[in-house]
Amino acid sequence: MRTKHKKFRIGGAIFGCNRIANRLASVALLIIPAMGCAATGNSCDFEQPQQLRVLEDQMVERGHFWGRYFDPDNDVSVRQKFDNEFYDSANTFFRIGLYLEEEEPWFTYAKWANDVYREFYLDPNDWHTAAWRRSSYGIYLRRELVGDVPIRQLELMRDKPAFSKIIEGRGQGGAEHRSRAIALAVESHVLAERAGADRAAERGVLQLETFVPWMGSHLYEWRSGSYNGTYREGGPRFAPFMFGLTAHALIEFVEWERENGRDPEAYWPKLFPIDYGSGIDPDAKKIYWNSIETALGDLAIWMYVSASHQNGEPMWQTGRQDGFLYQDILDPRLAPDLNLMIAHVYAWLWKETGDKRFLEIGDEVFNAGALYGSTFSGKHFNQQFRYAFDFLQWRREGMELHCSTADE
């Protein structure tokens, strides 16, 4: 049952006055409780997303199931727990606890899951994880909310996994099939810096100065269908949820740079494709994105309105289960269970631009994901809630910026 608390403001977000919220001034990834945002005026006249309650019910019921799954005293093997920790269970449980304003049992669930990740996988491998198993959020939130994690763990998560070094990605880092590896790397940089680490450099070059353009190249390849300028050429492949991962890392980078008075476009190439040393085909499609926001907005509208699957069908499918087609040559399926890995991009663009299209599309994507998202495995449960709370926060911030709102 959700506990009610008196509300107060931190910046643009609203939190309950309990002992969790009182610690949140130091937490960069602020999460807001669910509240209506009834707006007056011509531009906005709606409440929270239609299917929010469905998602909340799922969050609590399945959250307790998956939380108890990580209990060290149950009969589930550590290997099974690790397999179901994928996509960062600790992050999921910490965020649920913040959202519900209930520290327990959610923080305990988070610590159990984080212990599995660290003791079964990180420590035995000296933190040299596979690129796709880099999970920084749970470690960061444990440090900020519980306080029993040294900053060194976030530095190890930034420096040790595959594709942590520029030299590892040279010649292939800008190719879209490395998009998840580079997005998770950038995420680890931002979180380490938020915790107090210095900006990492390699042979005198700031790593983010290279990683951010690589992510721009991933966006270019998806948008253009061209691999010219990277180490390989081939047919276009676009998985929308991978765009969600890349977009979230870029958004975090933008927000962090702004908070520190830096120009988030300082590393951004603007003109694509990028020449990685082998030249650029003169017939390659040129794209000019003057900012990260412009690039994300272009792809967000394109993949909803006009992007097509390899079989010719529109990428966005409207029907019994609204969702994006998962682009896989052997098995092209509709994947509404991944909608909530994407919806946050539209909410952030709504906040940034005030363009109501982003709000409307974001709500459509979110509502379908809430209805049809999967929680049958720990991985799917974490995918369902990894960015859901960012969607809700950025959506509300957009309402506060662009709508005439009634007093709460």
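Within region 342-360, which residues are buried (at least 24 other Cβ atoms within 10 Å of the Cβ) and in a helix (DSSP H, G or I)? Of everything in region 342-360, those that are buried (at least 24 other Cβ atoms within 10 Å of the Cβ) and in a helix (DSSP H, G or I) turn out to be Ala343, His344, Val345, Tyr346, Ala347, Trp348, Leu349, Trp350, Phe358, Leu359. Could you please let me know if Glu221 is in contact with a Ser or Thr (Cβ under 8 Å, 6 or more places away or on another chain) and modelled with pLDDT under 95? Judged against the criteria, Glu221 is a match. Are any residues in region 124-136 open to solvent by less than 80 Å² (accessible area, probe 1.4 Å) and in a helix (DSSP H, G or I), and if so, which ones? Scanning region 124-136 gives Asn125, Ala131, Arg133.
Collect the residues in region 154-187 that are under 19 Å from Tyr276 (Cβ atoms), in a helix (DSSP H, G or I) and at pLDDT 85 or above, keeping them in residue-number order.
Pass one, region 154-187, residues under 19 Å from Tyr276 (Cβ atoms): 163, 165-179, 181-183, 185-186.
Subset that is in a helix (DSSP H, G or I): 166-169, 176-179, 181-183, 185-186.
Matches in region 154-187: Ile166, Ile167, Glu168, Glu176, His177, Arg178, Ser179, Ala181, Ile182, Ala183, Ala185, Val186.
State the number of residues belonging to region 92-107 that are closer than 12 Å to Gly67 by Cα and not small (Gly, Ala, Ser). Before you say what the answer is, go through the steps one by one.
Taking region 92-107 first, the residues closer than 12 Å to Gly67 by Cα are 92-94, 96-97, 104-107.
Then drop every residue that is not not small (Gly, Ala, Ser), which leaves 92-94, 96, 104-107.
Count: 8.
Residues in region 365-376 that are over 13 Å from Arg320 (Cα atoms) and more than 17 Å from the chain's Cα centre (by Cα) were compared, and the one that is most open to solvent (accessible area, probe 1.4 Å) is Phe376. Taken as a whole, the condition of being open to solvent by less than 60 Å² (accessible area, probe 1.4 Å) and polar (S, T, N, Q) does not apply to Gln310.
Is it true that Trp302 is crowded, with 21+ Cβ neighbours inside 10 Å, at pLDDT 90 or above and aromatic (Phe, Trp, Tyr)? Spelling it out, it is not the case that Trp302 is crowded, with 21+ Cβ neighbours inside 10 Å, at pLDDT 90 or above and aromatic (Phe, Trp, Tyr). Only one of the numbered conditions (1) open to solvent by 60 Å² or more (accessible area, probe 1.4 Å); (2) under 22 Å from the mean Cα position of the chain (by Cα); (3) more than 21 Å from Ala200 (Cα to Cα) is not met by Lys285, and that is (2).
Beta carbons closer than 8 Å, at least 6 apart along the sequence or on distinct chains, pair a first residue in region 177-206 that is within 18 Å of Thr129 (Cβ to Cβ) with a second that is assigned to a strand (DSSP E or B) and at pLDDT 95 or above for Ala200/Leu206.
Output yes when any residue across region 141-149 is among the acidic types (Asp, Glu), in contact with a strand residue (DSSP E or B) (Cβ under 6 Å, 6 or more places away or on another chain) and either over 30 Å from Ile280 (Cβ atoms) or open to solvent by 40 Å² or more (accessible area, probe 1.4 Å) (or both), and no when none is.
no
The values are calculated or read from the model by the stated rules, or taken from the named source; none is laboratory data. Everything numeric here is computed off the predicted structure, so don't read it as measured data. Here Cβ is always computed from backbone atoms with ideal geometry, including for glycine, and neighbour counts include all displayed protein chains. Surface areas here come from the heavy atoms of the whole protein model, side chains and all, with no ligands, DNA or RNA. Shrake-Rupley method; radii C 1.70, N 1.55, O 1.52, S 1.80 Å.
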